[in-house]
Amino acid sequence: MGFKDAKEGALRCLRSGDYAHAVRDEIDVKNLLACGLVTEEDVIALINRTKGNQHEERPHDNDRSVTVHIFKPQHKGVTWYIKFYFVEPGVMFISVHP
Amino acid sequence: MKIIKEGDNGRAVCQDCGLVPITYRLKDIPFSDKSGLVKNVLAGVCDACERVVSVPRQSTPQIKSEYQKTRVPVESRVPAHFLDILSLASAKIREDLGHDFSRHLILYYLHGINSGHIKCPGIKGLLDSDIASAPASKRVSLKVSRNTEKEFSEVVHKVGLKNNSELIKGIILKINQDIVQPENPVRFKELKTLASAFG
């Protein structure tokens with residue numbers, strides 16, 4: 001899956017509410033969406049402004065068959081990191097933070 | 001949005017087992033900064049090793065509510081006489097108010113500055129004044145809510161200071177200027193009302 005599909009897929013899942021948050025025994029406070037410190041609308045806006053050269057993909061550290069997408073949009077001079085992977089039926093957010 | 005029920009199944013990556021089937025169950029999950037715990041929240045549990053590996057979107061309001069309740073320290077190293085200023089200010093408002101009132105006084109000023117109710121264009125200058133120049137041998141530590149922590153960041157930015165520590169010092173010096181030094185303290189009636197709410 002390339003940048004365009006990842007972007008469209010993430011936006012679709014955020015709009016429909018079909019997403020979850022990755023947890024490793026603890027709720028990562030770096031996932032500001034999971035902690036409710038940023039809203040779905042904030043993350044949609046950040047993903048919308050992400051350009052192709054602000055996207056990376058790499059295998060998940062714990063399962064190389066899963067592709068992790070990293071979006072690094074700029075907002076008000078700050079770089080945001082939005083890390084997620086796709087798993088049916090939606091998106092699993094690993095982290096959302098500046 | 002699909003509403004997940006306890007006992008539903010899904011899939012997620014487990015840190016030990018990789019991509020695995022999960023079952024949704026009610027679990028207690030701590031925050032990674034050790035500030036607290038979300039009790040009885042619906043979470044995805046790895047079917048193989050029983051580790052908690054995900055939380056569904058529908059759990060976010062519960063997580064947010066618990067996270068907002070957690071308390072975080074906001075601290076400043078201050079000269080010893082800064083604590084005396086706080087005690088003198090409290091005693092001037094009402095004699096029986098102990099040092100515990102200092103926290104409320106600092107937060108009253110924080111909120112007042114943020115809302116524009118308290119004007120303090122010279123707070124930066126206060127930090128360079130003679131009364132501020134002494135070894136920072138004591139500590140002021142406040143446990144505050146996430147909302148108040150956010151308010152600290154907003155006020156630091158608003159008044160052009162570097163960090164929370166500078167803001168706490170600036171507020172204490174402002175308290176000295178407004179309450180301790182004048183014969184008739186500024187906002188005295190309001191401060192007495194605040195004190196009456198304190199008990």
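Take the accessible area of A alone and of B alone, subtract that of the pair with a 1.4 Å probe, and the total buried over both chains is about 2500 Å². The slack between B:Ala48 and B:Arg71, meaning 0.36 nm per residue of separation minus the straight C-alpha distance, is 4.8 nm. Computed over every Cα-Cα pair of the range B:117-165 and binned at 5 Å starting from 0, the pair-distance distribution P(r) comes out as 4, 16, 21, 25, 22, 10, 2 percent. Positive contributions from Lys and Arg (+1) and negative ones from Asp and Glu (-1), summed over other residues with Cβ under 13 Å from the Cβ of B:Leu105, come out at +3. Sorted largest first, the principal axis extents computed over the alpha-carbon atoms of chain A equal 34, 29, 25 Å. Within the listed set A:Ile44, A:Ile70, A:Ile27, the Gaussian network model of chain A (springs between alpha-carbon atoms below 10 Å) gives the highest mean-square fluctuation for A:Ile27.
Under the combined filter of DSSP loop state and at most 16 neighbouring Cβ atoms within 10 Å, the range B:1-68 retains these GluC sites (Glu not before Pro): B:Glu6, B:Glu50. Average 1/r across all pairs of distinct alpha carbons in the range B:1-143, invert it, and you get the Kirkwood radius: 19.6 Å. The orientation-averaged projection of the convex hull spanning the C-alpha atoms of the range B:9-69 amounts to 4.0 square nanometres.
Once the piece of chain linking B:Arg139 and B:Asn163 is laid out straight, how much longer is it, given 0.36 nm per residue of separation minus the C-alpha distance between them?
Additional length available on full extension: 7.1 nm.
Over every Cα atom in the protein assembly as shown, the radius of gyration and the widest Cα-Cα span, Dmax, amount to 24.1, 73 Å. Short-range pairs are left out: with C-alpha atoms under 8 Å and at least six residues apart, the relative contact order of the range B:72-196 is 43 percent.
Restricting the calculation to alpha carbons of the range B:72-196 gives Rg and Dmax of 13.4, 36 angstrom.
A 1.4 Å probe run over chain B, with the rest of the protein chains in place, finds 51 Å² accessible per residue. Among B:Gly160, B:Gly170, B:Gly125, which one shows the highest mean-square fluctuation when chain B is modelled as a Gaussian network with alpha-carbon springs under 10 Å? Most flexible of the set in this elastic network: B:Gly125. Across the alpha-carbon set of the range A:1-44, the Rg to Rh ratio works out to 1.01, Rh being the Kirkwood radius. Mark the label point 7 Å from the Cα of B:Arg103 along Cα→Cβ and return the residues of the range B:51-66 whose backbone N is within less than 20 Å of it. B:66, by backbone N distance to the label point. What separates the Cα centres of the range B:158-199 and the range A:36-98 is a distance of 43 Å. Note on chain B: with a GNM built from Cα contacts shorter than 10 Å, the maximum mean-square fluctuation among B:Glu149, B:Glu95, B:Glu183 falls on B:Glu183. Applying the criteria of a DSSP loop state and at most 10 other Cβ atoms within 10 Å to the trypsin sites (Lys or Arg not before Pro) of the range A:9-79 yields A:Lys76. For a label point 7 angstrom out from the Cα of A:Glu88 toward its Cβ, which stretches of the range B:2-24 have the backbone nitrogen within less than 17 Å? Label zone hits: B:2, B:8-13, B:19-24.
Charging the Cβ of each Asp and Glu at -1 and of each Lys and Arg at +1, and nothing else, the dipole of the protein assembly as shown about its Cα centre rounds to 500 debye. Rounded to the nearest percent, how much of the accessible area of the protein assembly as shown (1.4 Å probe, protein heavy atoms only) is carbon and sulfur? Answer for the protein assembly as shown: carbon and sulfur cover 49 percent of the accessible area.
The values are calculated or read from the model by the stated rules, or taken from the named source; none is laboratory data. Please read these numbers as outputs of a predicted model, since none were measured by experiment. So basically every Cβ, Gly included, is an ideal-geometry build from the backbone, and we count neighbours across all protein chains shown. Accessible surface is based on the protein model in full, side chains and every heavy atom, while ligands, DNA and RNA are left aside. Shrake-Rupley method; radii C 1.70, N 1.55, O 1.52, S 1.80 Å.
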